[in-house]
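Okay, so here's the structure we're looking at.
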């Protein structure tokens, strides 16, 4: 099981670097290792966090504010929302979260498919103002701390709607994703019975995979990777619904 966790994490790290959606790999494998859905979600967030930080650091020179909000303001909103989302997760009974997970994965998969193949970034049109941009970022961070699947595309959509150029929006959302997960991690660290051995294995694998994925970024067709993520999300959704129906 340790080897399975490690190689799944290597794949997830590479997938995050290439196209995103790495949690679609780590979550089911952690559940398969014996964790309940909520514990697996917490462990996945903790384990993937170091790789998210390193990804954010690489593109930090391109980050900026949006819709009149400074980047510091967006960071503050993200860390507070992420922490509140994590707190909400800890207040959710494990059984209820297990029943909720298939719906969350289905939502995240649909969101990923929309962002990968249907969304038109930077389309002309009226831009949202600072209040709307701040409210959207807070809601995204709240969802990110609670579950997190698809937050990258949610932020890309919000940032480009605020008039941010696509390249800058991509770098900004990477840093904000690590910031909101920092808020979640700060809460999760005080959770009892964290499976640290599994977290360490997944974190190590994800960092190795992330480095390899970064090297392959210009050589792999990103749309193929995104298509695989969507297919994996659909399979995971069906599997989780069937698992729930059989329990």
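The values are calculated or read from the model by the stated rules, or taken from the named source; none is laboratory data. This is a predicted model, so every value here is computed, not measured. Heads up, the Cβs are rebuilt from the backbone with ideal geometry, glycines too, and the neighbour counts pull from every protein chain shown.
Taken together, the residues in region 190-207 that are under 18 Å from the mean Cα position of the chain (by Cα) and surrounded by fewer than 24 Cβ atoms within 10 Å (Cβ to Cβ) amount to 4.
Restricting attention to region 155-170, the residues that are surrounded by fewer than 22 Cβ atoms within 10 Å (Cβ to Cβ) and outside any loop (DSSP other than H, G, I, E, B) add up to 7.
Across region 69-117, the number of residues qualifying as assigned to a helix (DSSP H, G or I) and modelled with pLDDT of 80 or more comes to 33.
Restricted to region 21-32, and to residues there that are in contact with a helix residue (DSSP H, G or I) (Cβ under 6 Å, 6 or more places away or on another chain) and surrounded by fewer than 24 Cβ atoms within 10 Å (Cβ to Cβ), the residue that is farthest from residue 104 (Cα to Cα) is 29.
Among the candidates 161, 169, 204, the residue that is modelled with pLDDT of 80 or more and farther than 28 Å from residue 102 by Cβ is uniquely 204. Residue 120 meets each of the listed conditions (1) at pLDDT 80 or above; (2) more than 21 Å from residue 24 (Cβ to Cβ); (3) out of contact with any helix residue (DSSP H, G or I) (no Cβ under 6 Å at 6 or more places or on another chain) apart from (1).
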